[in-house]
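Asker: Once you've had a glance at the structure underneath, I'll fire off some questions.
Derivation of every value follows stated rules applied to the coordinates shown; laboratory data play no part. Bear in mind that the values here come from a model prediction, so they are computed numbers and not experimental data. FYI the Cβ positions are ideal-geometry reconstructions off the backbone, even for glycines, and counts take in every protein chain you see.
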Amino acid sequence: MVYWAHRRAAQRPIGRNLRLENTSVYWFGVRGMKWVQLVPYIKQQLARYSLPDVLIVHLGSNDMVQYGGDTLGDMITKDLAEIHKLLPNTKIVWSEILPRLRWEGANSWVGIENKRRRVNRYGLTWVGRNGGFGIKHEITHKDKGLFRADQVHLSDIGNDIFLNSIQECLEVHLK
């Protein structure tokens, strides 16, 4: 999602920085990334970049079929706490895991959707209790035009909605 959102942001008039003044937005989208890769990846990036004021975490959809909801939720809260220790002055933001029209390998689409909502509550609860905030996206499986033909990734319109929700949330919380 982040890879495609970054590409779409670069095409839009507001650009990669989402028209946020005096702000530099760095996009670290790794295609196919899994949750267990997050903390090592952040540690690697910390050696290359300065400490961020805000870190938006949009990750977890590629783990939905592999892990149970509570297992993935526990992984998320543990790793967000570790990231918070690494970046004590950084506001951590949970960008909710988006729905998909197709979850590869899932036995039940409804079951995965219920799990997705439960896992999002883990992330939203953690950031709310630890000085961060959440981004809820107005994207549902009912709006099929918001998805690419692969039924997983967002279309240009879907990415526009996704980017707008990130931009609006940052504008509100960074003032």
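Asker: Give the residue list of trypsin sites (Lys or Arg not before Pro) in region 119-165 that are DSSP loop and have at most 13 other beta-carbon atoms within 10 angstrom.
Answerer: Loop-located and lightly packed - LYS136, LYS142.
Asker: So if I place +1 on the C-beta of Lys and Arg and -1 on the C-beta of Asp and Glu, and nothing else carries charge, what would the dipole magnitude of the chain be about its Cα centre? I want it in debye, nearest 20.
Answerer: 120
Asker: For region 2-173, how many pairs of lysine residues have a Cα-Cα distance under 18 Å, where the two are 8 or more positions apart or belong to different chains?
Answerer: Within region 2-173, the lysine pair count is 10.
Asker: Would you mind pulling out the separation of the Cα centroids of region 9-70 and region 74-123, in Å?
Answerer: Value for the Cα centre distance between the two parts: 13 Å.
Asker: In nanometres, what is the gap between the two model label sites at LYS142 and ARG102, each 7 Å from Cα along Cα-to-Cβ?
Answerer: 2.4
Asker: Quick one: 3J(HN,Hα) in Hz for region 47-58, Karplus 6.51/-1.76/1.60 with θ = phi - 60°, rounded, Gly and Pro as x.
Answerer: 6, 10, 10, 6, 5, x, 6, 9, 10, 9, 9, 10
Asker: Suppose only helical runs count, i.e. DSSP H with n ≥ 4. What mean residue ellipticity at 222 nm does that imply for the chain under -39500 (n - 2.57) per run, divided by all residues and rounded to the nearest 500 deg cm²/dmol?
Answerer: Mean residue ellipticity at 222 nm (helix-derived): -14500 deg cm²/dmol.
Asker: Grab the Cα-Cα distance for VAL36 and ILE157, subtract it from 0.36 nm times how many residues apart they are, and report the gain in nm with one decimal.
Answerer: That works out to 40.6 nm of additional length.
Asker: Then there's this: Among the DSSP beta bridges whose two residues both lie in the chain, what percent are antiparallel, rounded to the nearest 5?
Answerer: For the chain, the DSSP antiparallel bridge percentage is about 10.
Asker: Which is the longest stretch in the chain that no exposed loop site breaks, taking sites as GluC sites (Glu not before Pro) with a DSSP loop state and at most 15 other Cβ atoms within 10 Å?
Answerer: 22-103
Asker: Now a separate question. Just name one of SER108, GLY145, SER24: the one whose Cα is farthest towards the positive end of the charge dipole of region 2-173 (beta-carbon charges, Lys/Arg +1, Asp/Glu -1).
Answerer: Positive-most Cα among the choices belongs to SER108.
Asker: May I ask you to derive the FRET efficiency for ASN114 and ASN22 from their Cβ-Cβ distance with R0 = 25 Å, giving the value to the nearest 0.05?
Answerer: Plugging the Cβ-Cβ distance into 1/(1 + (r/R0)^6) gives 0.05.
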